Amino acid sequence: MRSSQRQDYARRIEQALEELRRCIAAGEPPSLEALAAQAALSPFHFHRVFRLMTGESVGAAITRIRLAHALSALEA
């Protein structure tokens, strides 16, 4: 993967992660299609790129972020 392409994917995935965090904080995780649209990728390609860039699946990321959000709520 070229460096410019990797940077573009990293920016897109970061935008999708921000959207994911925002939606989970609001209590409604977005669908894979919504996250893919946020990153301007097809759902299939988004899932592949997401896993490549983050090292975890979208479902695992949702679980991790929800658990972190719940933990912070318990500590408050």
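The values are calculated or read from the model by the stated rules, or taken from the named source; none is laboratory data. Just so you know, these numbers come straight off a predicted model, no measurement behind them. Because the Cβ atoms are built from the backbone with ideal geometry, glycine has one as well, and the counts that use them run over all protein chains shown. These area figures cover heavy atoms from the full protein model, side chains too; ligands, DNA and RNA do not enter into them. Shrake-Rupley method; radii C 1.70, N 1.55, O 1.52, S 1.80 Å.
Who wins for biggest fluctuation among ALA16, ALA39, ALA25 in a Gaussian network model of the chain, springs between alpha carbons below 10 Å?
Sorting by GNM fluctuation, first place goes to ALA25.
Among LEU41, LEU32, LEU52, which one shows the biggest mean-square fluctuation in a GNM of the chain, springs joining Cα atoms closer than 10 Å?
Per the Cα network of the chain with a 10 Å cutoff, LEU52 tops the list.
What order do THR54, THR63 take when sorted by accessible area (1.4 Å probe), most exposed first? List each step's numbers first, then the result.
Working: THR54 50, THR63 75 Å².
Sorted descending by solvent-accessible area, the residues read THR63, THR54.
So, with +1 on the Cβ of K and R and -1 on the Cβ of D and E, and no other charges, what is the size of the charge dipole of the chain about its Cα centre, to the nearest 20 debye?
On the way: 10 positive and 8 negative charges, 61 e Å.
That gives a dipole near 300 debye.
Given a 1.4 Å probe and every protein chain left where it sits, what share in percent of the accessible area of the chain is carbon and sulfur? If you can, show how the numbers build up before the last one.
Details: 2630 of 4910 Å².
That share works out to 54 percent.
Could you tell me how many degrees, from 0 to 90 and to the nearest 10, lie between the Cα long axis of helix 3-26 and the main elongation axis, the longest principal axis, of the Cα atoms of the chain?
Compared with the principal axis, the helix lies near 20 degrees.
Determine the per residue accessible area of the chain with all protein chains present and a 1.4 angstrom probe, expressed in square angstrom. The partial results should precede the final answer.
Details: 4910 Å² over 76 residues.
Accessible area per residue, the chain: 65 Å².
Given the DSSP H assignment, sum -39500 (n - 2.57) over each helix run of at least 4 residues in the chain and divide by its residue total; what's the result at 222 nm in deg cm²/dmol, nearest 500? Before the final figure, lay out each step's value.
Numbers: 4 runs with 61 residues, N = 76.
One gets -26500 deg cm²/dmol as the mean residue ellipticity at 222 nm.
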